[in-house]
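In what follows, a structure is listed as structure tokens, so that the remarks can point back to it.
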Amino acid sequence: MSEIKTYEEYIQLVEEIIEHDKRYYVFNNPVISDYEYDQLYKKLEKTEKEHPDWIVDYSPTQRVGHKVESGLAVKSHEVRMLSLDNTYSKSELENFITRMQKDSSRSFTFVLEPKVDGAAVSLTYEKGMLTEAVTRGDGYQGEDVLHNIKTVKTLPLYIEHKDKIVVRGEVFLSKDNFDKINKRREKDGMPLFANPRNAAAGTMKLLNPEIASERSLDIYIYALDVGRVNAEHYKDLQFLKTIGIKVNPMIEHVSSQDEIFEYINLIEKKRQKLDYEIDGVVIKVNEYNVREELGSTNKSPRWAVAYKYPAEHARTKLLRVSFQVGRTGIVTPVGIFEPVKVAGSTVSRATLHNEDEIKRLGIKIGDNVFIEKSGDVIPKVTSVIKDERKGDEKDIKFPDTCPVCGSAVLKDEVDVYYKCANPDCPARLKASIVHFAGRNAMDIKGLGEKIVDRFVDLGLLDSIADIYDLKSEDLQELEGFGAKSAENLIKAIAKSKSKPFSKVLFGLGLPNVGVRTAEILAEKFGDMDTMMKAERKDFEEIEDIGPVIADGLFRALRNAKITHLVEKLRKAGLNFTYRRVRESDLLKGNTFLITGSLSRPRKQFEELIKKNGGRVLSGVSSNLDYLICGESPGSKLDKAKELDINIIDEKEFMSMLGE
Ligand SMILES: NC(=O)c1ccc[n+]([C@@H]2O[C@H](COP(=O)([O-])OP(=O)(O)OC[C@H]3O[C@@H](n4cnc5c(N)ncnc54)[C@H](O)[C@@H]3O)[C@@H](O)[C@H]2O)c1
Ligand SMILES: [Zn+2]
């Protein structure tokens with residue numbers, strides 16, 4: 001899209017950006033790069049400046065983030081959580097700083113902070129206890145993610161500071177962890193996270209804290225919003241450190257523009273060596289009274305700005321294309337390039353997605369191309385250097401036959417995909433067994449890709465259910481398989497039988513059913529039989545499941561292959577019923593007491609507390625951490641109020657358990 005000339009074009013741009021916002025903030029699955037997004041956004045800002053009378057109140061410039069839609073409990077922010085103005089240009093940054101200086105009546109200093117690429121969260125400590133963790137959401141209200149935040153090992157659940165404080169920080173994943181998560185997702189045939197930020201945001205919003213715990217989220221706190229102890233931001237950060245809260249060690253306090261630019265250059269050099277991803281530097285006014293004077297817009301403070309580092313490009317050559325067959329039989333073209341260094345790592349492979357993408361790029365084998373990689377984002381081909389062609393470049397042709405089983409490859413007209421026509425293609429079987437045994441599903445240690453390959457080729461596994469018929473004696477006869485490793489594998493397989501229904505459901509590999517959807521489905525239907533008997537509309541009613549996904553699920557559950565598989569797995573003793581009660585350490589170290597009537601007998605809640613590591617006290621005392629308050633509470637409530645004990649309702653309590 002070029003220059004915006006009409007109101008219609010303006011509205012179109014607004015809607016385009018809203019669509020990207022939704023993909024980014026709600027589904028954590030953007031389709032364009034941040035750079036491309038920021039260019040569209042700048043165009044919108046420019047248009048609105050030229051035509052202020054056009055501005056609609058739902059324009060992305062008028063609000064932060066996106067409305068909360070995840071199914072987690074919603075909580076309000078005491079201090080609004082804003083976004084940041086950003087720029088990729090040093091001269092624009094200079095202008096921004098000059099404007100701040102002009103608009104304030106006092107002189108001021110700057111705090112410089114790495115812009116860690118993760119997701120923002122607001123944390124509340126009361127009487128030293130971590131009591132709330134809420135995502136940014138739309139700035140006014142966010143999602144309650146305390147259950148996952150409690151898995152962050154570097155975050156104290158308790159501090160030696162009894163006044164209430166609200167701090168804000170960035171939850172992130174290390175580069176290593178991000179890579180691991182995506183490698184696993186690739187193996188499981190799940191869509192990859194585009195960047196560490198989307199992965200961190202997605203992880204924070206999971207219902208089940210076990211997965212978050214496995215992914216090892218980390219956090220840096222960068223603001224003290226309530227309960228300030230100094231008149232300056234930098235001093236407050238130092239204070240937070242003294243009470244055990246993790247603040248980024250690279251944050252600096254400076255007073256001149258030169259120092260700002262030095263810092264930007266310095267951090268750019270350090271960037272690749274850091275074990276987490278950053279996408280820029282945040283420049284903030286240090287003195288709170290100057291911040292107040294400068295104020296903020298609907299969307300971002302006027303006293304802070306982010307300078308963003310541009311994505312890195314590199315030139316390379318497409319050597320050949322290999323075709324991979326996944327769990328659903330879809331044949332995916334993967335470009336093999338001359339190895340090239342970009343954004344700190346060597347790139348030699350990048351997915352070309354599908355035929356449409358190949359057409360869009362006009363790419364041929366032998367072409368010189370530019371690939372883009374911004375930090376840990378999956379590399380992608382951005383353009384083809386067509387005027388360097390010599391004439392011997394070759395068109396990319398999808399194979400007529402499956403590279404694995406030799407069956408015909410057919411084009412699916414609806415989905416622009418090529419698929420191996422053989423429903424029993426060993427590539428599909430192998431990929432689905434690997435998925436089933438994967439970490440997020442049945443987590444069978446020792447049943448990885450290599451072993452599955454071998455077992456399928458040897459005829460030991462003909463279907464997922466055959467896993468449960470494997471015998472130690474059969475395995476011991478295999479080359480390189482000692483008695484010990486055979487025993488271990490058999491044990492791991494037996495152990496997997498106790499995995500909850502949602503994991504089994506995810507393992508089945510139903511179309512579009514990721515970890516999260518599996519949890520939602522398990523909870524909603526309660527057991528497999530009810531789900532298999534459900535109507536199309538029952539699926540459509542579920543939030544996050546559109547009519548297309550609903551239809552796919554409905555049909556898959558009537559597929560004889562799936563019903564047979566479920567029968568066999570049921571015989572093997574797998575779980576096909578949802579159990580609400582989970583056992584965990586989530587409440588460890590916390591004490592509770594109940595007053596008033598709750599939705600279920602008090603006994604059940606007391607059991608829940610104990611099962612999850614908490615303790616039930618016999619009366620209100622200063623040792624009490626939480627009073628769970630139901631309908632028509634007794635005198636305990638008054639006493640708890642007197643002692644300033646945390647009073648929560650049933651819903652808040654359940655959300656502590658990740659429900
Ligand atoms: N690719 C897409 O489709 C798409 C869609 C929407 C948004 N986006 C990206 O997201 C951006 C907008 O997101 P945003 O509103 O979160 O803004 P932002 O990411 O540009 O800046 C604000 C955020 O920076 C983070 N941050 C990290 N370190 C910080 C620090 N030291 N101090 C303060 N904040 C710090 C916080 O999470 C804060 O919420 C866009 O500019 C674009 O790059 C991309
Ligand atoms: Zn095949």
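The values are calculated or read from the model by the stated rules, or taken from the named source; none is laboratory data. In this text, all values refer to a predicted model and were calculated from it rather than measured experimentally. Here the Cβ is made from the backbone with ideal geometry for all residues, glycine too, and neighbour counts use every protein chain on show.
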Report task. Among the residues of the stretch 515-563, count how many are within 24 Å of Lys205 (Cα to Cα) and either touching a helix residue (DSSP H, G or I) at 6+ places or on another chain (Cβ under 6 Å) or hydrophobic (A, V, I, L, M, F, W, C) (or both). Result -> 16
Report summary line: Note: among Lys386, Lys359, just one is without any contact (Cβ under 8 Å) to a residue 12 or more places away in the chain, among the basic types (Lys, Arg) and not assigned by TED's automatic domain parsing to the domain that holds Phe172, namely Lys359
Report summary line: Taking the stretch 5-55 and keeping residues near ligand 1 (Cβ under 7 Å from one of its atoms), under 25 Å from Ile545 (Cα atoms) and charged (D, E, K, R) leaves Asp21, Arg23
Report task. Could you please give the count of residues in the stretch 407-425 that are more than 24 Å from Gly366 (Cβ to Cβ) and more than 7 Å from ligand 2 (Cβ to nearest atom)? Result -> 13
Requested in this report: Would you confirm whether any residue within the stretch 559-581 is part of a strand (DSSP E or B) and not small (Gly, Ala, Ser)?
Outcome: yes
Report task. Residues being without any contact (Cβ under 8 Å) to a residue 12 or more places away in the chain and exposed (fewer than 14 other Cβ atoms within 10 Å of the Cβ): count how many of those fall in the stretch 392-410. Result -> 4
Query raised in the report: Of all residues in the stretch 325-354 being part of a strand (DSSP E or B) and without any contact (Cβ under 8 Å) to a residue 24 or more places away in the chain, which is nearest to ligand 2 (Cβ to nearest atom)?
Result: Thr332
Report summary line: Note on the stretch 466-497: residues under 19 Å from Leu574 (Cα atoms) and over 35 Å from the mean Cα position of the chain (by Cα) are Asp469, Leu470, Lys471
Report summary line: Subset of the stretch 638-649, residues crowded, with 18+ Cβ neighbours inside 10 Å and part of a helix (DSSP H, G or I), comes to Ala640
**Report entry** Selection count, the stretch 21-64, where residues are of a type outside the set (Asp, Glu), over 15 Å from Lys299 (Cβ atoms) and assigned to a helix (DSSP H, G or I)
**Finding:** 12
Query - the stretch 283-305, residues that are surrounded by 21 or more Cβ atoms within 10 Å (Cβ to Cβ) and either within 10 Å of Lys115 (Cβ to Cβ) or of a type in the set (Val, Ile, Thr) (or both) - result: Ile283, Val285, Val305
Query raised in the report: Does Lys373 satisfy being among the basic types (Lys, Arg) and surrounded by fewer than 20 Cβ atoms within 10 Å (Cβ to Cβ)?
Result: no
Query raised in the report: Hey, any hits in the stretch 412-420 for a residue that's outside any strand (DSSP E or B) and surrounded by 14 or more Cβ atoms within 10 Å (Cβ to Cβ)?
Result: no
Query raised in the report: Take the residues of the stretch 381-406 that are assigned to a strand (DSSP E or B) and closer than 22 Å to Leu361 by Cβ: which is nearest to ligand 1 (Cβ to nearest atom)?
Result: Thr382
Report summary line: All conditions in (1) in the same structural domain as Lys386 (by TED's automatic domain parsing); (2) over 31 Å from the mean Cα position of the chain (by Cα); (3) crowded, with 18+ Cβ neighbours inside 10 Å are true of Leu319 except (3)
Report task. For residues that are assigned to a helix (DSSP H, G or I) and hydrophobic (A, V, I, L, M, F, W, C), scanning just the stretch 248-297, find the one that is farthest from Leu93 (Cα to Cα). Result -> Val290
Query raised in the report: Going by the conditions given, is Tyr276 crowded, with 20+ Cβ neighbours inside 10 Å and assigned by TED's automatic domain parsing to the domain that holds Lys175?
Result: yes
Query raised in the report: What number of residues within the stretch 85-95 are surrounded by 17 or more Cβ atoms within 10 Å (Cβ to Cβ) and at pLDDT 95 or above?
Result: 1
Query raised in the report: Which condition number in (1) β-branched (Val, Ile, Thr); (2) assigned by TED's automatic domain parsing to the domain that holds Leu237; (3) modelled with pLDDT under 95 is the one that Val68 fails?
Result: (2)
Query raised in the report: Here are some conditions: (1) within 16 Å of ligand 2 (Cβ to nearest atom); (2) within 30 Å of the chain's Cα centre (by Cα); (3) in a loop (DSSP other than H, G, I, E, B). Ile433 meets all but one. Which one does it not meet?
Result: (3)
Query - Glu357 within 25 Å of His313 (Cα to Cα), in contact with a helix residue (DSSP H, G or I) (Cβ under 9 Å, 6 or more places away or on another chain), of a type in the set (D, E, K, R) and not in a loop (DSSP other than H, G, I, E, B) - result: no
Query raised in the report: Can you spot a residue in the stretch 579-589 that is in contact with a Phe, Trp or Tyr (Cβ under 9 Å, 6 or more places away or on another chain) and under 30 Å from Ile464 (Cβ atoms)?
Result: yes
Report summary line: Picked from the stretch 125-153 (must be more than 15 Å from Tyr25 (Cα to Cα) and in a strand (DSSP E or B)), the residue farthest from the chain's Cα centre (by Cα) is Glu126
Query raised in the report: Is there any pair linking a residue in the stretch 83-100 that is farther than 20 Å from Asp279 by Cα to one that is hydrophobic (A, V, I, L, M, F, W, C) and within 16 Å of ligand 2 (Cβ to nearest atom), with Cβ under 8 Å and at least six apart or on different chains, and which?
Result: none
Query raised in the report: Do we find that Leu553 is outside the structural domain of Ile609 (by TED's automatic domain parsing), in contact (Cβ under 8 Å) with a residue 60 or more places away in the chain and farther than 30 Å from Asn612 by Cβ in this structure?
Result: no
Requested in this report: State all residues of the stretch 298-324 that are of a type in the set (Ser, Thr, Tyr) and outside any loop (DSSP other than H, G, I, E, B); if no residue qualifies, say none.
Outcome: Tyr307, Thr316, Ser322
